[in-house]
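Okay, so here's the structure we're looking at.
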Amino acid sequence: AAGMAAPTMEERKACWGARDEFWQCLDSHGDDAAKCEKLRRAFEARCPQQWVKHFDKRRDFLKYKKKLETEGYHPPEAAGKS
Amino acid sequence: WLYLRHRKERQQRSRRLRDLRALALGQGDFQLRDTAGAARSKADFLGRWVLLYFGFTHCPDVCPEELEKLSRAVELLERDPALPPVQPLFVTVDPERDDAAALARYLRDFHPRLVGLTGTPEQVRAAAAAFRVYVSAGPRDADGDYVVDHSVLTFLLDPDGIFRDCYGRSRTAEEVARSVRGHMDTY
């Protein structure tokens, strides 16, 4: 809402911490979100919804970037071959 | 002959600087208000080196990181007493939410001399346009919250208000400080 104050420094760090814990969990479970439900909920509780969306997109982007770096670019038509 | 050529180069340089100074106020100018409510334009900052960043207080991660970096770069430069002080500036790209009070609260966590600027949507739009900064507010959610997509750049202005350099996400605080020092040396 327009009256909602921006998160303070402490709130930002708490949010980033919860996000990092959730992401570490995903990293150690091959991105299986079902294995990280509790940390996902903690992440959503600690961060504004808009930030959760932003960080979800960031993670997708980072994964995609890593894929490009390790596997190289495969145009959609060639995907079946790899 | 070398002396005459050197003198001619100096005169050309003076003339060019005079012309650039005349243009300075028309380029990259802004009409905004600081957190005390005082009107500020670029003229108020002439005579000082300026590091200027556009962002918003509801920013998830990029703006706090860039402001940390900006603060650290200014601190590094402050360590050298031979260098002139650098003025850090923050201009909001979210004037609807970032009023003077919101900016003051937010900027407290960064460099003590960091000045925050806001204004009417038109004034902020004009300031961003003057620096060719892309700004795009995203859709609002059920709570009315939104993020603002924007170019992530820190601009270096010299004491004549001339744009000298800009620094993106990939530059470290040390690299920014080193670059500013280099520009100061050739000024």
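Take each residue in B:142-153, count the other chain C-beta atoms within 10 Å of its C-beta, and the mean is 2. If you sort the three axes of the alpha carbon gyration tensor as a ≥ b ≥ c, you get a/c of 1.5 or more for the stretch A:11-65 and a/b no higher than b/c, which makes it oblate.
Across peptide A:4-15, the mean count of Cβ atoms from other chains lying within 10 Å of each residue's own Cβ comes to 4.
Cross-link reach is defined here as a Cα-Cα straight distance under 15 Å, omitting same-chain residues fewer than 8 places apart; for A:LYS63 the aspartates and glutamates meeting it are A:ASP20, A:ASP27, A:ASP31, A:ASP32, A:GLU71. Cysteine residues of chain B whose Cβ has no partner cysteine Cβ closer than 4.7 Å: B:CYS166.
So what is Rg over Rh here for the protein assembly as shown, counting just Cα atoms and using Kirkwood for Rh?
1.06
Helices in chain B that qualify as membrane-span-like (whole DSSP H runs, Cα extent of at least 15 Å along the helix axis, mean Kyte-Doolittle hydropathy of -0.5 or higher) are B:62-78.
Answer rounded, prolate or oblate for chain B, using the Cα gyration tensor with square roots of eigenvalues a ≥ b ≥ c: rounded when a/c is under 1.5, else prolate when a/b is larger than b/c, else oblate.
Working: a/c = 2.28, a/b = 1.77, b/c = 1.29.
Because a/c hits 1.5 or more and a/b exceeds b/c, chain B counts as prolate.
Normalised by the residues of the stretch A:11-65, what does the relative contact order come to in percent, with Cα pairs under 8 Å and at least six apart? Relative contact order of the stretch A:11-65: 34 percent.
Inter-part distance, the stretch A:1-52 to the stretch B:87-122, computed on C-alpha centroids, equals 26 Å. If you run the Gaussian network model on chain B, springs between alpha carbon atoms under 10 Å, then out of B:PHE56, B:PHE90, B:PHE131 the most flexible one is B:PHE131.
A simple spin-label model places the labels of A:TYR73 and B:GLU65 2.3 nm from each other, with each point 7 Å out along Cα-to-Cβ.
Averaged over its residues, how many other protein chain Cβ atoms are within 10 Å of peptide B:176-185's Cβ atoms? Don't skip to the end; give the middle numbers.
On the way: counts 0, 0, 0, 0, 0, 0, 0, 0, 0, 0.
Per-residue shielding by partner chains comes out at 0.
Computing FRET efficiency as 1/(1 + (r/R0)^6) for B:ARG108 and B:ASP185, where r is the C-beta to C-beta distance and R0 is 45 Å, gives about 0.85. Between A:LYS63 and B:ARG169, the distance separating the two model label sites (each 7 Å from Cα on the Cα→Cβ line) works out to 1.8 nm. Counting only heavy atoms of the protein chains and using a 1.4 Å probe, A:LYS65 has close to 90 Å² of accessible surface. The apolar share of the surface of the stretch A:11-65, taken as the fraction of accessible area on carbon and sulfur atoms (1.4 Å probe, ligands and nucleic acids excluded), comes to 52 percent. Under the criterion of Cα pairs below 8 Å and six or more residues apart, the relative contact order for chain B equals 28 percent. Computed over neighbours whose Cβ is under 10 Å from that of B:GLY138, the net charge equals -1, Lys and Arg +1, Asp and Glu -1.
Which of A:LYS57/B:LYS42; A:LYS53/B:LYS42; A:LYS35/A:LYS66; B:LYS8/B:LYS42; A:LYS38/A:LYS67 have a Cα-Cα distance over 25 Å? Walk me through the intermediate numbers first.
On the way: A:LYS57/B:LYS42 37 Å; A:LYS53/B:LYS42 36 Å; A:LYS35/A:LYS66 22 Å; B:LYS8/B:LYS42 31 Å; A:LYS38/A:LYS67 27 Å.
From A:LYS57/B:LYS42; A:LYS53/B:LYS42; A:LYS35/A:LYS66; B:LYS8/B:LYS42; A:LYS38/A:LYS67, over 25 Å: A:LYS57/B:LYS42; A:LYS53/B:LYS42; B:LYS8/B:LYS42; A:LYS38/A:LYS67.
The values are calculated or read from the model by the stated rules, or taken from the named source; none is laboratory data. Keep in mind it's a predicted model, so treat the numbers as computed, not measured. Glycine also receives a Cβ, built like all others from the backbone with ideal geometry; neighbour counts cover every protein chain displayed. We work out accessible area using only protein heavy atoms, side chains counted, and drop any ligands, DNA or RNA first. Shrake-Rupley method; radii C 1.70, N 1.55, O 1.52, S 1.80 Å.
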